[in-house]
Amino acid sequence: VARALAAVEAVPERYEAEFLRALEDGFIPGGRINSAAGAGIAEVTLINCFVQPVGDSISETVDGKPGIYHALREAAETMRRGGGVGYDFSAIRPRGAKVHGTASAASGPISYMHVFDQSCATVESAGARRGAQMGVLRCDHPDILDFVSAKRRAGNLNNFNISVGVTDAFMRAVAADGPFELVHAAEPGAAQVAGGAHRRDEDGLWVYATIRAREVWQVVMRNTYEAAEPGVLFL
């Protein structure tokens with residue numbers, strides 16, 4: 001391990017000795033380093049964790065984020081080389097939102113997470129191990145309650161750890177037991193508009209629903225207590 005890490009340095013012999021001394025003194029590198037450095041595997045990463053952007057499109061880049069299936073391909077390549085991958089699926093439009101190009105309704109981010117989950121189960125990472133993934137959804141995404149409970153059914157999203165992306169505004173609403181709006185940039189479907197979805201004046205986002213912030217927080221806490229997921233990621 002020390003020899004492989006030192007190979008890229010200007011004076012490999014000097015750093016090889018320093019790296020070896022650190023290892024012998026008890027320093028423990030990341031798992032990918034101990035697993036792959038010096039193992040003679042050509043296409044492998046020594047980095048444990050990566051973040052893969054995912055946009056609100058099947059194949060096109062939106063706001064600098066690659067389309068869903070382009071992101072899936074890039075993630076599969078990362079996992080094949082041994083890296084774990086994290087995604088924020090919040091850009092994907094909610095279930096039932098309008099899809100103008102095909103005059104249809106969106107299936108929502110959780111449906112696409114199943115595709116990523118199966119890809120992870122299929123691709124063997126470098127060193128004969130399965131990939132690892134983390135999925136994040138913002139607390140104000142209209143599908144957040146479904147996301148929080150998505151792993152409660154046996155066999156669902158087994159290749160994911162999931163976390164709720166929590167904002168300061170949400171935590172203030174929890175503390176005050178106040179209302180909280182679930183919003184997205186994508187236009188809601190006709191049924192959602194008929195149910196009260198409307199456009200917010202200050203930023204142009206669509207408000208799909210207004211709920212009690214504590215309702216979301218209580219569901220998060222109950223699932224975490226009973227099933228050890230989701231986690232919480234403070235944004």
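Taking only protein heavy atoms into account and a 1.4 Å probe, give the accessible area per residue of region 162-211 in Å².
Ligands and nucleic acids excluded, the result is 50 Å² per residue.
Work out from phi, with θ = phi - 60° and the Karplus expression 6.51 cos²θ - 1.76 cosθ + 1.60, the ³J(HN,Hα) of each residue of region 133-148, listed in order in whole Hz, and give x for Gly and Pro.
Using θ = phi - 60°, the values come out as 9, 10, x, 10, 9, 5, 5, 9, 6, x, 9, 4, 5, 5, 5, 4 Hz.
Calculate the length of the line joining the C-alpha centroid of region 1-49 to that of region 73-129, in whole Å.
Cα centroid of region 1-49 versus Cα centroid of region 73-129: 32 Å apart.
Whenever you get a sec, line up Tyr225, Tyr112 from highest to lowest accessible area (probe 1.4 Å, protein heavy atoms).
Per-residue accessible area, sorted high to low, gives Tyr225, Tyr112.
Calculate the tail of P(r) for region 45-142: the fraction of all Cα-Cα distances greater than 15 Å, expressed in %. Please list the in-between numbers first.
Details: 2834 of 4753 pairs.
Percent of Cα pairs beyond 15 Å in region 45-142: 60.
Name the long-range amide H neighbours of Leu205: under 5 Å, sequence gap of 5 or more, or other chain; modelled H, no Pro or chain starts.
Arg200
If I take every Cα pair under 8 Å that is 6 or more residues apart in the chain, average their sequence separation and divide by the length, what percent do I get for the relative contact order?
14 percent
Rounded, prolate or oblate, given the Cα gyration tensor of region 171-235, with a/c below 1.5 counting as rounded?
It is prolate, given that a/c is not under 1.5 and a/b is the larger ratio.
Within 10 Å of each candidate Cβ there may be at most 13 other Cβ atoms; applying that plus a DSSP loop requirement, which chymotrypsin sites (Phe, Trp or Tyr not before Pro) in region 19-87 survive?
Those that pass, being in a loop and sparsely packed, are Phe27.
Extension gain Glu60-Thr167, at 0.36 nm per residue separation less the Cα-Cα distance, in nm?
35.7 nm
Under a 10 Å cutoff between Cα atoms, tell me which one of Arg172, Arg32, Arg214 has the largest fluctuation in the Gaussian network model of the chain.
Sorting by GNM fluctuation, first place goes to Arg172.
Could you work out the Rg to Rh ratio of the chain, with Rh taken as the Kirkwood radius (inverse of the mean 1/r over all Cα pairs)?
Expressed as Rg/Rh, it is 1.07.
On average over all directions, what projected area in square nanometres does region 116-220 have, based on the convex hull of its Cα atoms? Could the numbers behind the result be given before it?
Details: hull surface 35.2 nm².
Taking a quarter of the hull surface, the average projection is 8.8 nm².
Roughly how many Å² of Lys65 are accessible to a 1.4 Å probe, to the nearest 10?
80 Å²
Of the GluC sites (Glu not before Pro) in region 201-233, which ones lie in a loop per DSSP and count no more than 11 other C-beta atoms within 10 Å?
Here the GluC sites (Glu not before Pro) that fit, given the DSSP loop and packing criteria, are Glu202.
Checking the a/c ratio against 1.5 first, then a/b against b/c, what shape does the Cα gyration tensor give for region 133-179?
In terms of gyration-tensor shape, prolate.
Please work out whether region 87-172 counts as rounded, prolate or oblate from its C-alpha gyration tensor, where a ≥ b ≥ c are the square roots of the eigenvalues and a/c under 1.5 means rounded, while otherwise a/b larger than b/c means prolate and anything else oblate?
Since a/c reaches 1.5 but b/c is at least a/b, the shape of region 87-172 is classed as oblate.
Per DSSP H run of n ≥ 4, the term is -39500 (n - 2.57); total these for the chain, divide by its residue number, and report the mean residue ellipticity at 222 nm rounded to 500 deg cm²/dmol. Spell out each step's value before the answer.
Working: 9 runs with 85 residues, N = 235.
Taking each H run of at least 4 residues, the total per residue is -10500 deg cm²/dmol.
Only loop residues by DSSP count here, and only those with at most 10 other Cβ atoms within 10 Å; note down the GluC sites (Glu not before Pro) in region 1-51 that meet that. Intermediate results must be reported in sequence, preceding the final value.
Working: sites: Glu9, Glu13, Glu16, Glu18, Glu24, Glu43; in loops: Glu9, Glu43.
Loop-located and lightly packed - Glu43.
Test of understanding: in a Gaussian network model of the chain with alpha carbons linked when under 10 Å, which of Ala97, Ala209, Ala176 would top the mean-square fluctuation ranking?
Highest fluctuation among the options: Ala176.
The values are calculated or read from the model by the stated rules, or taken from the named source; none is laboratory data. Computed from a prediction, not measured in an experiment: that's the story for all the values here. Cβ atoms come from the backbone with ideal geometry, glycine included; neighbour counts cover every protein chain shown. Calculation scope for accessible area: heavy atoms of the full protein, side chains included, ligands and nucleic acids excluded. Shrake-Rupley method; radii C 1.70, N 1.55, O 1.52, S 1.80 Å.
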